[in-house]
Amino acid sequence: MSGGGGEGEEGASLEFTPTWVIASVCTVIVAISLAAERVLHYTGKYLKKKDQKPLYEALQKVKEELMLLGFISLMLTVFQGRIIKICASPDTMKHWLPCPLSHESSSAGELPNASPDSSSHHRRLFAAEAAAGVGHCAAQNKVPVLSLEALHHLHIFIFVLAIVHVAFSVLTVVFGGAKIRQWKHWENSIAKDNYNSEQVLKPKFTNVHQHDFIKKRFKGLGRHSVLLSWLHSFFKQFYGSVTKTDYTALRLGFITTHCKGNPKFNFHKYLMRALEDDFKTVVGISWYLWIFVFIFLSLNVHGWHTYFWIAFIPFVLLLAVGTKLEHIISQLAHEVAEKHIAIEGDLVVQPSDDHFWFRRPHIVLFLIHFILFQNAFELAFFFWIWVQFGFDSCIMGQVRYIVPRLVIGVFIQLLCSYSTLPLYALVTQMGTHFKKSIFDEHVQVGLLGWAQKAKKKKGLNLKAATGGSTQSGSTTDGSTVRSLQMGDIGRKETTPPAEIQPSNGS
């Protein structure tokens, strides 16, 4: 291309563009970027001032995603010239297509015709690409693996997916948190009874099988009781998933096991802090979620209707998680009903990791994370196709496949927000260990500092007693620090200083 001929379909290059145009465009772009950065900054300050930690954490995740997307954009811009020059044989590019090639385009080795309206757009882009990748590959009797237009569409899709996932995760946790806040009056009612000295000192005997928690959750003994319990757990997640008797029984079981010295422990406040900590995990897009994106995009072949069948994966997983969480509550009731007919005092359940899959309560959070991402992926993919290619695009599929996908997506979002997430927040506390969020942030820092001092002091004492190295003492107290981090503080013989022990309001 000649020096003055950098014009035509692509227009003039930067060498032949007026400097005032370059400076003006750069100024506008920088001004918009700085304005967006300031908006995010002041929004974060406002959320911190209002003590809206979940929304603040979501904002931080949005910043991380924007930074990642900016890097992706940079990589696509820098390497797009090389990417479009990666060539393949025309026969290879005719297989595993999301849209079928017409007879004419198949014989010519062209791009599939998405719609008549976009044919002129394809021709313009083809003319622009002819000077780069297409011309390079045509000389080898091959075609580009990825066109400039396809790169542009892929970039937009990744951006839409990240934003939709973060937005949906925020909505889920905000609505779930609103549901959990409705339990606060239960906590206040229980605290009021605890402060009533006459009620506390009055001798109390509980008929286990007449207790509301047992009557609603215990389905008797025998072969059919297990099946009935699972069926009841499945349907229970759709209506009144958590009742006051459930909350009261699980709260008392948690406090009796982990906070026996503090019966007035504010369990509701602890639930909210634990949910805020878990929110950091739910809102992020982990590397293994990108593997799922790769698998889905690979299997999105015309005629397979992958976009339809894959919508059932988060749907089935969500029902399984909700059923399991409800069944854990039923198991706790079943254990008490099997062992006792009448007990002195209040009915107390026994938390244990044995009730969870593979004895790991954290698996439930992983599944919820995957469910929210996959549901966001489904809906983001739908809106991206609608805006980018139109509702009638062959990638969109037939209406009978589209409507169920949208209905399932909305159902998953509502059920996860108002039932599954609140269930998780409560039932996940029924594990063997409590979480470090049982302490306020400043208390957590104090506990870890205390653990380090205890480790050093024990090591010195052991060295003075044995005259040997401190390796043994360091190993012992290293486990103490790990236990502090994992929330197993209450099981250590050593006791932290009184100023950093959990208070009534913690």
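Observations
- Coordinate range of the alpha-carbon atoms in the range 161-437 per principal axis, descending: 72, 40, 28 Å.
- Fewest-first sequence of Leu325, Leu161 by Cβ atoms within 10 Å of each Cβ: Leu161, Leu325
- Over the range 220-289, the hull volume per residue, using the convex hull of the C-alpha atoms, is 183 Å³.
- When peptides 26-39, 421-434, 329-342 are sorted by average Cβ neighbour count within 10 Å, with the highest value leading, the order is 421-434, 329-342, 26-39.
Read the figures in this text as sums done on the coordinates, not as results from a lab. These numbers were taken from a predicted model, which means no experiment stands behind them. So basically every Cβ, Gly included, is an ideal-geometry build from the backbone, and we count neighbours across all protein chains shown.
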